[in-house]
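Heads up, the thing below is written out as C-alpha cells.
The values are calculated or read from the model by the stated rules, or taken from the named source; none is laboratory data. This one's a predicted model, so the numbers in the text were calculated from it and none came from an experiment. In this analysis, Cβ positions are derived from the backbone assuming ideal geometry, glycine residues included, and neighbour counts consider all displayed protein chains. All accessible areas refer to the heavy atoms of the entire protein, side chains included, with ligands and DNA or RNA removed. Shrake-Rupley method; radii C 1.70, N 1.55, O 1.52, S 1.80 Å.
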Amino acid sequence: MKIRVSILSLLTGVAASPIVFGAEQKTAPKPVVVASLSAAGSQGASERDVLMAKFYKVTEVKGPPGVDPQVGGLCPMPDGRMAVAFHRGEVAFYNPSKNEWSIFAEGLHEPLGLLNEPDGSLLVMQRPELTRLRDSKGTGKADTFETVWDGFGMTGNYHEFAFGPLRNAQGKLFVGLNLASSGDTVNEEVRGQWLPIGLERKEFYGDWKKNSKLAGRMYSRVPWRGWIMEVDPTSGKAKPYASGFRSPDGLGLDAEGNLVVSDNQGDWRGSSELHVVQKGGFYGHPASLPWREDWGKQLPLEVPLEKLNKLRTPAAVWFPHMSYANSPTQMVSIPKTPAWGAYGGQLLIGEMNVPKLLRVTTEKVKGVWQGACYPFIETAALKPGLHRLAFLGDKLWLGRTHLTWAGGENLGVVEPTGSVPLDALEINLTKTGFKVRFTSPLSASCNNKALWNIRSYTYAYHVEYGSPELEEAWITPTDVILTEDGRCAELIIGELRENFVYDFFFDKLYTAAGQTPLNIRAAYTLRKKF
C-alpha cells in the first residue's frame with residue numbers, strides 16, 4: 001500500500017461528472033408516486049405529510065459553510081459524531097450535541113462511501129481508489145492519505161463511479177464498480193488492461209455517435225467494471241466476488257449478515273432490483289463477464305439469452321418502476337430497538353427521485369432468495385435525493401445528492417414519534433398463497449375476500465432499457481383466513497406464477513377502530529414456489 005498526500009482530485013475535476021448514478025444523459029423524468037395514499041387520490045399531498053408527521057419527525061441539518069452540500073457518504077462514529085463525505089471532495093465531522101462542523105479532509109475525488117476503523121481512521125471510496133485517511137498528529141485533520149486498493153481500471157468515462165466500502169463480520173471489505181456508459185467515450189489514456197473483446201479501441205476515438213451503438217449501452221473494457229470486489233483492509237489485496245452489475249450504488253448487510261446490493265433500472269434491468277449476493281454469482285448484466293477466468297473470448301452482446309439465463313441469479317426483489325422506486329440507493333438494517341418496534345431487523349432503502357423510503361424483507365424458498373418491498377416513509381419533509389442512509393442510535397440520518405439529476409442536498413434526520421401506524425409488516429409465501437402480517441390487528445370483517453386486491457405482472461430480461469409490466473392479471477383471493485389476534489391474514493391464491501411480482505393493495509382494509517393503512521401497497525417478487 002502507498003501512503004502519500006492525495007492529489008488525485010487535481011488530476012481530474014469531479015465537476016465533469018454530469019449525472020446521477022445509474023442514469024443516462026437524458027431529460028429527468030417527472031417523479032410519479034402511486035404506491036401511497038396521496039397518489040391513490042384519497043388524500044392531498046399536504047394531508048399526507050400531516051399524517052406522516054404523526055409517526056415520523058423529520059429535521060434538517062445544513063452542511064458546513066462553503067461546502068457543496070451533496071452527500072456521498074455517511075458514517076456514524078463511536079463518539080456520537082457523524083462523518084460525512086461530500087461529493088466535491090471534503091470529509092467532515094458533524095457534532096449533533098454542539099451543532100458544529102469540522103473539516104477533516106479536502107481534495108478527494110468524488111468520495112461515495114465512508115467507513116470508520118477501530119483506530120479512528122476513515123476508509124473512503126474515491127472514484128480512483130479506496131483510501132485510508134488518518135490523523136497521525138491528533139490535530140483533527142487528516143495528514144496521511146494511504147492507498148488501500150487501486151487495482152481496478154479507469155477509462156475516464158463519466159459513469160465509472162465506485163461505491164462502498166462495506167465491512168462484513170469477518171472484517172473483509174466490499175466495493176462496487178460501475179459500468180461505463182455509451183453516453184460518452186473513453187480517454188486515450190486509461191488505467192488497467194484494455195479488454196480486446198468487443199469494439200476496437202480505435203473506434204472509441206472516431207464517430208462516437210455512430211460507434212457507441214456497437215460498444216453496448218453499458219460496457220466494461222477495463223478490469224472489474226460491473227463487479228463487486230472483496231478487499232483485505234490490511235494487505236490491500238483484492239479478489240473478484242460477484243459480477244453482472246450495472247450501477248450498484250447500494251451495498252449493505254441484512255440483519256443476518258448477508259451481502260445485499262441494489263441496482264438501477266436500465267439495459268438488462270427490467271426494473272430496479274435488490275440482490276442477495278453470493279460469492280461467484282452472476283447477477284444479470286453481461287458486460288462484466290469477460291473478466292471471469294473461465295470466460296474465453298465471446299462478445300457479451302452475442303451471448304444467447306438462454307445461456308445468460310442459466311448463468312444468472314435473478315434479483316431477490318424487484319422494485320416496480322415509478323410506482324415504488326425510480327432509482328433506489330443504499331440499504332441499512334433498522335435497529336432492533338423499542339423506538340423502531342416491529343420494523344427492527346428489516347432493511348431500509350433510499351430513493352433518489354422522490355422523497356420516499358422503502359422497507360425490504362427477504363426469505364429463502366427452496367434455496368432461492370425472494371421477498372417484498374413496502375413504501376415506508378413518504379413525505380415532502382424528507383426531500384428527494386436520499387442517497388446515503390445511516391443510523392446513529394435510533395435516529396436515521398439521510399444524506400442527499402443531485403448532481404444534474406433529480407435529487408436534493410444537505411442532511412435529514414428521521415425519528416419515530418412513538419405512535420405506530422397500521423402497516424403491512426411482512427409478506428411471506430405459503431404453499432397455497434401468501435401470509436401478510438400487520439403492525440396492528442385488522443377488523444374481523446377483513447376476512448372478506450372482496451377487500452383484497454392483488455395485481456401480478458413480470459418484467460422482461462433483455463438488452464433493451466427497462467421493461468414494461470408484462471402479462472398483467474388482477475387476482476382476488478379464493479379465501480382469506482385471519483388469525484385470532486387479527487394481525488395476520490392468510491390469502492389463498494388459485495395459481496401462483498414464478499418470476500412474477502404480486503402487487504398487493506390494502507386500501508380497503510381497516511382496524512376495528514376504523515384506522516386505515518398508512519401505506520396501501522406492497523410488492524412481493526416470487527421466484528420459486530413451494
Restricting attention to region 98-123, which residues are of a type in the set (S, T, N, Q) and open to solvent by 10 Å² or more (accessible area, probe 1.4 Å)? ASN99, SER102, ASN116
In region 28-58, how many residues are open to solvent by 50 Å² or more (accessible area, probe 1.4 Å), within 22 Å of GLY407 (Cβ to Cβ) and at pLDDT 95 or above? 0
Which one of these is among the polar types (S, T, N, Q) and either at positive phi or buried (at least 24 other Cβ atoms within 10 Å of the Cβ) (or both): GLN170, GLN126? GLN126
Over 21 Å from GLU110 (Cα atoms), in contact with a Lys or Arg (Cβ under 9 Å, 6 or more places away or on another chain) and of a type in the set (Gly, Ala, Ser): does that describe ALA180? no
Taking the criterion of being modelled with pLDDT of 95 or more, touching a Pro at 6+ places or on another chain (Cβ under 9 Å) and open to solvent by less than 10 Å² (accessible area, probe 1.4 Å), would at least one residue in region 326-339 satisfy it? no
Under 9 Å by Cβ, and 6 or more places apart or on different chains, what pairs join a residue from region 471-484 that is touching a residue at least 40 places away in the same chain (Cβ under 8 Å) and farther than 18 Å from TYR459 by Cβ with one that is open to solvent by 60 Å² or more (accessible area, probe 1.4 Å) and of a type in the set (S, T, N, Q)? LEU482/ASN447
Could you list, in sequence order, the residues of region 416-441 that are open to solvent by 50 Å² or more (accessible area, probe 1.4 Å) and either in a helix (DSSP H, G or I) or among the aliphatic types (A, V, I, L, M) (or both)? VAL420
Complete set of residues in region 350-371 that are among the hydrophobic types (A, V, I, L, M, F, W, C) and not in a strand (DSSP E or B): MET352, VAL354
Restricting region 301-315 to residues that are open to solvent by less than 30 Å² (accessible area, probe 1.4 Å) and under 30 Å from GLU351 (Cα atoms), the one farthest from the chain's Cα centre (by Cα) turns out to be LEU308
When every residue in region 152-167 that is open to solvent by less than 10 Å² (accessible area, probe 1.4 Å) and among the hydrophobic types (A, V, I, L, M, F, W, C) is compared, the one farthest from GLU110 (Cα to Cα) is PHE152
Only one of these conditions is not met by TYR374: (1) in contact with a strand residue (DSSP E or B) (Cβ under 8 Å, 6 or more places away or on another chain); (2) open to solvent by less than 10 Å² (accessible area, probe 1.4 Å); (3) part of a loop (DSSP other than H, G, I, E, B). Which number is it? (3)
For region 197-208, give me each residue that is in contact (Cβ under 8 Å) with a residue 60 or more places away in the chain and either surrounded by fewer than 19 Cβ atoms within 10 Å (Cβ to Cβ) or outside any loop (DSSP other than H, G, I, E, B) (or both). ILE197
In region 379-387, is there at least one residue being surrounded by 16 or more Cβ atoms within 10 Å (Cβ to Cβ) and in a strand (DSSP E or B)? yes
Being open to solvent by 10 Å² or more (accessible area, probe 1.4 Å), over 15 Å from the mean Cα position of the chain (by Cα) and at pLDDT 95 or above, is that true of even one residue in region 344-357? yes
With (1) part of a loop (DSSP other than H, G, I, E, B); (2) open to solvent by less than 20 Å² (accessible area, probe 1.4 Å); (3) of a type outside the set (Ser, Thr, Tyr) as the list, and CYS75 as the residue in question, which single condition is left unmet? (1)
Can you tell me which residue within region 81-92, out of those that are free of Cβ contacts under 8 Å to residues at least 40 places away in the same chain and closer than 14 Å to PRO69 by Cα, is surrounded by the fewest Cβ atoms within 10 Å (Cβ to Cβ)? ALA92
Tally of residues being in a loop (DSSP other than H, G, I, E, B) and either farther than 27 Å from LEU301 by Cβ or open to solvent by 10 Å² or more (accessible area, probe 1.4 Å) (or both) across region 209-241: 11
Options TRP291, TRP268, TRP318; residue that is on the phi > 0 side of the Ramachandran plot and either touching a Gly at 6+ places or on another chain (Cβ under 9 Å) or surrounded by 21 or more Cβ atoms within 10 Å (Cβ to Cβ) (or both): TRP268
Only one residue in PHE245, PHE174 is under 25 Å from SER121 (Cα atoms), in contact (Cβ under 8 Å) with a residue 60 or more places away in the chain and of a type in the set (Phe, Trp, Tyr). Which one? PHE174
